[in-house]
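Notes follow once the structure below has been shown.
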Amino acid sequence: MTYLYWYLGIGVSVLVIIFTVHQLTKSKQEQEIADLIAAFDPNREQWWWKPLNNFVMPGLAAAAVVAGWPVALYWKAKEMIEARQPPRTEPPQKKFEVAREHLQRQWTIAEVEAAEVVLDPLSAVPKAPFGHLNPAWEVFKQSIAEGDQLWGFSTVWEAEWRQNELREGYVIMRGDTIGPYFIARLTIISE
Amino acid sequence: MTAQIGEKLIYEGRQVSMCSEPLNQFFALGGACPEFEFTCTALWRGYVGTWEIINDRLYLIGLTGTLKDGSEATLETVFQGYPDRVFAHWYSGTLRIPEGRQIEYVHMGYGSTYERDRFLKFEKGILVGCRVRENGTAGDSNSTEGYGVGAMTVFSRRANREKGDQ
């Protein structure tokens, strides 16, 4: 029985220490975010929300710390050590490139411009190649030099947030080198 | 990241909010992208577009927002010479329209779950498919009907300027 009293006594001490450390180290911003998240909780209008959020949950958390303080101590120590370590840097975003296997067939500028004219019965688009994207196409066209070839390409690209995109467009081939590209269509595959 | 204010869509005579941003693709494809002022945590993109489907074609019919220089953004800010209507021919993908009551609120992006999701599939701005996914039933009869954002932090332009000066 004495061991149990000792264990629970240490648990209460740990609870007091953790609570004090938390109060001293928590940032104002963390509290504001927590308040904002609480404000969004759709249950906040229910009669039971306040007593549950303000008394029952903290009470259960305190009881859990007293009963399982070695685990609570371990997690708090881990959290404090991790907070002191430099933040992990995300790997740089891969840059989209057109590869040889993405090439489909060769086009002339005239063929592309004839195929990519956009029409609309309500005249809500310029009657020009690539419609509202025509200025971007005109800029790309200036990169095409004498002797260059224009190829169509199509590939699935994993963009940010692991979102797969079908990217289709045109790319300049200079001899064996793949040059600048123009993305004409970008279709998000995953919902 | 706060839940985001959706783009507006006039669909079958009703105005609904959608959890997709078709103008993003226009900017990603090299379309002119003005510098929008960020004034609210629920609107990181800085603008709200109003869209309409007419004869299975997707049109952008309005744009509201504030530019960095303080002026109001309109449709012509992005599409000069097209003040009333722009055919979204650049858009290929699926628009998501949440319907019914809210099942779960997620304080990030468009993460909240609603009873149904209507998916409208477009190819080059033309509607090619529509399907509805049932997500379940909201247990709480008081929960929100239709997509919406509960709260946000709004910054004054002065506060934004001060942030920019730092």
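The values are calculated or read from the model by the stated rules, or taken from the named source; none is laboratory data. As the structure is a computational prediction, the values presented were derived from the model and not from experiment. Glycine also receives a Cβ, built like all others from the backbone with ideal geometry; neighbour counts cover every protein chain displayed.
Quick look at the numbers
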{"item": "Residue that is nearest to B:ILE61 (Cα to Cα), among those in region B:107-136 that are assigned to a loop (DSSP other than H, G, I, E, B) and more than 12 Å from every other protein chain (Cβ to nearest Cβ)", "result": "B:ASN135"}
{"item": "Members of region B:10-33 found to be within 11 Å of another protein chain (Cβ to nearest Cβ) and on the phi > 0 side of the Ramachandran plot, listed by number", "result": "B:GLY30"}
{"item": "Top-ranked residue in region B:44-70 [being of a type in the set (Phe, Trp, Tyr) and part of a strand (DSSP E or B); ranked as farthest from the chain's Cα centre (by Cα)]", "result": "B:TYR59"}
{"item": "Residues of region A:143-191 satisfying the condition of being away from every other protein chain (no Cβ under 13 Å) and part of a loop (DSSP other than H, G, I, E, B)", "result": "A:ILE144, A:ALA145, A:GLU146, A:GLY147, A:ASP148, A:GLY175, A:ASP176"}
{"item": "Test: residue in region B:113-133 that is touching a His at 6+ places or on another chain (Cβ under 8 Å) and either at pLDDT 85 or above or crowded, with 16+ Cβ neighbours inside 10 Å (or both)", "result": "yes"}
{"item": "The one condition in (1) farther than 30 Å from A:GLU168 by Cα; (2) buried (at least 17 other Cβ atoms within 10 Å of the Cβ); (3) of a type in the set (Gly, Ala, Ser) that B:SER17 fails to fulfil", "result": "(1)"}
{"item": "Hits in region B:5-33 - residues which are among the polar types (S, T, N, Q), touching a residue at least 40 places away in the same chain (Cβ under 8 Å) and assigned to a strand (DSSP E or B)", "result": "B:SER17"}
{"item": "Among the candidates A:PHE130, A:PHE96, residue that is under 35 Å from the mean Cα position of the chain (by Cα) and at pLDDT 95 or above", "result": "A:PHE130"}
